[in-house]
Amino acid sequence: MPIGIRDLDLPDVAITHDPETETAQQNPYEPVKLVAGSVTAQVLYQCAAGTRAIVVNSPPGGGKTTLITHLASYLHGRLGLPVMIAVPRRAQAKDLARRLALLIDPKDVDLEMRGVKREDWLPDGTPSVRADKVAPAGYVDSKGRSAMRAPIIVKTLDSLKLTKHGGRLLIVDESYQVTTECGASAAAGFDQIIAVGDPGQIGPVVPVNTYAWGALAPHRSFAARLLEREDVWTASLPSTYRLGQDTTDAIAPLYSFDFTSCRPDAGIEGHDELEELLAHSPQSPTDPMLMDATVRAAKRLIGKTYSAPDGTSRPIEAKDIVVCAATRSQVTALTARMNVAGLGRSTVGTADEIQGGQWPATVAVDPLAGGHVSDHHADTGRLCVMLSRHIAHLTWVHDGGWRGDMPQITARERDLHRRVRSAVVGH
C-alpha cells in the first residue's frame, strides 16, 4: 500500500522556502522532527505524492549526508518503509552506513559489502549486533520474491546493478558522479528514485571514447539525465556549512542555484580565507619553481593557530593541509618535495582523488598553470573541487596565464574561468 501525504504528518506549510533545520528528538533513535519548508519535508511530500524522480542539488559541504540520513530516519522510523541507499564507492558506503548508525538503531542498518565486517563501520562504542533481517514490504530479489533484508541497506551502485534487487524507494548519493548507464541499471527495479549530489563537482570518469554513443549519452551523469524527465521534481540545499562567504561567492558562477555560507567563524592566524601565490612564468605544469612555491606555501601554515568552526583553537599540523594538483605527474613531484620538507603527513592528490574530502587548509596548483589548457585542465568540475576542500584557508598557486587568450576553449568557458579566478585572487 503506497504511503499517503497524511501519513507524513507534515506541517501545514511544508512547501515553503524557510531555512533548512532538522533537529533530532531526545531519543537518538526517534525519527527526526520535520520543520516547515525544509528540503527534507519537501522531498518527503514528493515521495508521498508519488513523484517518480526527485533530484536534490547541493553545494560543497551543503549537508547531503545529513539529508539522506534524515530521510532514511523518517521513512523507516515514522512510516516503517524500507530504504535502499546506493553510492559510487566502497569508502563512501562505509562512511554513510556509519552516519546512519548514529541516527538510526544499528540493528536496522546493514552495509551489504563483501569483505567488510559490521565492526569495520559501526560507530565507536556501538555493540556489533547483527542486522535485524526481516521481509519488509517493498524489497524484492531479482526474481520478484520478497527478500529477507534489513530495513535500511547501503550498497555500492555496481553491487546493486549486478544483484538486480528492487523495491519502493532508492536513494542515490553522489548521483552526479554516476553514469546514466550505471544509475539506470541499478535503479531499474525501484518505483521511486531520490538522486542527491553536487552538480559543480567532477562528473563520471569514463576512460573510453564515447563518440559512437553520443546521442544516447550513457556516459553522462545520472542526475543530469534525470533532470531531463518531464516528471522530475528538484530542489537545492540552500547553504554550505564548510565554506566561508568569500569562497562561496567565488564559486557561485559554477552553480545554477543560489546558496549562502552558514559556516561558523573559522580562520588561520595571519591568513585570509583566500590568498594567491603568483609563480612567474613556469615552463610546464611540473616546473620546479612552481612545485617549490607550492610546498613553501604549505610549510608557512605549519604552527599557525587554527580557529575551528566549533570554537576551539590549536596549531596547524601537516595532517591539516591538503595539497592538490590536476595531474599525477604534479602529485608525484609535490609528494617528493613535501616529504623532504617534513610534511609527509599532509595529503597530496589530484582533484579527482580528494573529491569529497575536507581539511582546515588547502594549497592548490591552478590546473592552467604552466600553459596547458586541455579538456582535462580546463574542466570546471576540477576547478570547483580544488576551490572547495578547505574549511578555513585556501592558497591558490597560479601563473596568471588564465588572463591570456586560451584559444583552446570557448569564449563562454574562458569567461567563466576568468570570473571565478578573479574572485579567488581578488582582482
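How much of the pair distance distribution for region 52-132 lies past 19 Å, counting alpha-carbon pairs only, in percent? Let's see the in-between values first.
Numbers: 1250 of 3240 pairs.
Of all Cα-Cα distances in region 52-132, 39 percent exceed 19 Å.
Neighbour counts of other Cβ atoms within 10 Å put 160, 81 in the fewest-to-most order 81, 160. Could you tell me the distance between the Cα centroids of region 397-420 and region 27-99, to the nearest Å? Comparing the Cα centres of region 397-420 and region 27-99, I get a distance of 38 Å.
Applying 1/(1 + (r/R0)^6) with r as the Cβ-Cβ distance of residue 415 and residue 33 and R0 = 35 angstrom yields a FRET efficiency of 0.20.
Could you tell me which of the pairs 33/161; 107/155; 94/164 are separated by over 24 angstrom between their Cα atoms in the structure shown? Intermediate results must be reported in sequence, preceding the final value.
Details: 33/161 33 Å; 107/155 16 Å; 94/164 21 Å.
Table pairs above 24 Å Cα-Cα are 33/161.
Put in order of Cβ neighbour count within 10 Å, fewest first, the listed residues 273, 317 become 317, 273.
Taking a ≥ b ≥ c as the square roots of the Cα gyration tensor eigenvalues, region 252-425 comes out oblate, since a/c reaches at least 1.5 and a/b does not exceed b/c. I'd like to know which of 264, 343, 297 lies farthest towards the positive end of the charge dipole of region 252-425, counting +1 on Cβ of Lys and Arg and -1 on Cβ of Asp and Glu. Of the options given, the answer is 343.
When you restrict to C-alpha pairs under 8 Å that are six or more residues apart and normalise by the size of region 252-425, the relative contact order lands at 29 percent.
In plain terms, the residue of 69, 350 with the fewest other Cβ atoms within 10 Å comes first and the most crowded comes last, giving 350, 69.
Laboratory data are not the source of any read-out in this text; all were calculated from the coordinates shown. What you see is a predicted model; the values in this text were computed from it and never measured. Methodologically, a virtual Cβ is constructed for each residue, glycine included, from the backbone with ideal geometry; neighbour enumeration extends over all protein chains shown.
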